[in-house]
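Remarks on the structure that follows.
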Amino acid sequence: MKTPQKAPYVMLCAGGTGGHMFPAQALAQELRRRGVPIGLITDRRGAAYANVFGTADISVIAARNPSGGLFAKLCAAFVLAWGALQSLVILWRNRPAFIVGFGGYPALPGLLAATVLHIPAVLHEQNAVLGRVNRLLAKRVHAIAASVDELSGLGGADRAKITVTGNPVRAEIATCHSIAYSAPAENDMINIVVFGGSQGAQIFSDTVPAALASLPPAVQKRVRILQQCRAETLDSVRAQYARTGIVARLQTFIRDMPAALAEADLVIARSGATTVSELTVAGRPSILVPYPYHADQQQLANASQLAQAGAAWLMEEVDFTPGALAKLLQKLFRHPQQLESAAVAAHAMGRPDAAEALADMVMRRVPANAGSDAARSVVDPSGNVVKRVSV
């Protein structure tokens, strides 16, 4: 009797922020649904997201962003080199059939180790512009999964490597794609959701309450707002809304994002890749304020694509003043059909099946005889096997 072929073991490399971790989580959900065992190489910041990966092999390595002066860059180089050595040990012991990297410096050591060991690898780029780490690795990997049709910043990398899969969103977000949008009528309540990255952008706490305070009282009475704020600004933002009588819920982290998006008539947010993907999957109109300090202006490119498609309104941070925001809000509230049109355009851009498309791409490239007998273990930063965890 023929022995059944074991599923190949796939290792994910992601870390740092939710923008890299959430797409990795979405792919992990889909691979696990297909019976594929997975591991994760991440850094200490990424390990904070470990609870969303279910039963998985979590390996924590050293990683550091080489920003700052010469000394900081040298220190980061040593840290990343140590992380690459740790990754070599982890990959040698776990013997994955395939590696998927999600960009960011925490993914760099694992991907470098994979190239040394000749393990097939795919890069996933969440943004409209290829990030610095993915640019470094683009020539070395077997394939590149893009979130958008026109990915820029490839340099000398082979465009034939690119497959457009979209940016995977968590399964609970993908379900929002089927929830219809209806713009608020003249006397309806207007639900606004405001968030800016995992820490809440300070500029939203400074600008949004002031803009809403300048609206006519009849409009203020219709507004309900859910806003993410930094902990140190909660009291001051709450006091600003209390003076206007606007119904406001303030949170340091919006934990139930699917419910928030389902209820939203308008979203005001940064334009990170995960945010943009979730807005389009949910089909929600938005005012996007790109983070202006990225060297390659990834968020500006992301927001520009939505604005050009009529799915969002782009306001660069220098123009995001209380007066300008209030003017735009009054226009949208007077002409809610503009919100409706933007929602339709956003919905058309959404890729709720991106996790499936990325999983298909990965599995097509896994060697046919790539069943794994490797132990499924958690490996500490020194390469020592600790235990298998269910988190």
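Just to be sure before I move on: is L40 outside any helix (DSSP H, G or I) and free of Cβ contacts under 8 Å to residues at least 40 places away in the same chain in the structure I sent? In short, yes.
Of the residues in the stretch 134-142, none is under 22 Å from the mean Cα position of the chain (by Cα), closer than 25 Å to Y291 by Cα and among the β-branched types (V, I, T). The residues listed here are L74, L88; of these, the one that is in contact with a helix residue (DSSP H, G or I) (Cβ under 7 Å, 6 or more places away or on another chain) and either part of a helix (DSSP H, G or I) or exposed (fewer than 15 other Cβ atoms within 10 Å of the Cβ) (or both) is L88. The residues of the stretch 267-300 that are of a type in the set (A, V, I, L, M, F, W, C) and touching a strand residue (DSSP E or B) at 6+ places or on another chain (Cβ under 7 Å), listed by number, are V267, I268, A269, L279, I287, L288. As an exercise: evaluate A107 against (1) part of a helix (DSSP H, G or I); (2) out of contact with any His (no Cβ under 9 Å at 6 or more places or on another chain); (3) more than 23 Å from D353 (Cα to Cα) and give the number of the one condition it does not meet. Condition (2) is where A107 drops out.
In the condition set (1) over 22 Å from R45 (Cα atoms); (2) surrounded by fewer than 22 Cβ atoms within 10 Å (Cβ to Cβ), A145 is compliant with all but (2). Can you find a residue that is in a strand (DSSP E or B), assigned by TED's automatic domain parsing to the domain that holds F98, touching a residue at least 12 places away in the same chain (Cβ under 8 Å) and surrounded by 20 or more Cβ atoms within 10 Å (Cβ to Cβ) anywhere in the stretch 22-32? No; the residues of the stretch 22-32 include none that is in a strand (DSSP E or B), assigned by TED's automatic domain parsing to the domain that holds F98, touching a residue at least 12 places away in the same chain (Cβ under 8 Å) and surrounded by 20 or more Cβ atoms within 10 Å (Cβ to Cβ). Taken over the stretch 116-162, the residue count meeting the criterion of being small (G, A, S), part of a strand (DSSP E or B) and either closer than 18 Å to A357 by Cα or outside the structural domain of W92 (by TED's automatic domain parsing) (or both) is 4.
Every residue, every condition in (1) of a type in the set (D, E); (2) touching a helix residue (DSSP H, G or I) at 6+ places or on another chain (Cβ under 8 Å); (3) surrounded by fewer than 16 Cβ atoms within 10 Å (Cβ to Cβ); (4) closer than 29 Å to Q126 by Cα, yes or no:
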site: Q299; (1), (2), (3), (4): no, no, no, yes
site: A309; (1), (2), (3), (4): no, yes, yes, yes
site: W313; (1), (2), (3), (4): no, yes, no, yes
site: V318; (1), (2), (3), (4): no, no, yes, yes
site: G323; (1), (2), (3), (4): no, yes, yes, no
site: A326; (1), (2), (3), (4): no, yes, no, no
site: R334; (1), (2), (3), (4): no, no, yes, no
site: H347; (1), (2), (3), (4): no, yes, no, yes
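The values are calculated or read from the model by the stated rules, or taken from the named source; none is laboratory data. These numbers were taken from a predicted model, which means no experiment stands behind them. Reconstructed Cβ throughout: ideal geometry from the backbone, glycine too, with neighbour counts over all protein chains shown.
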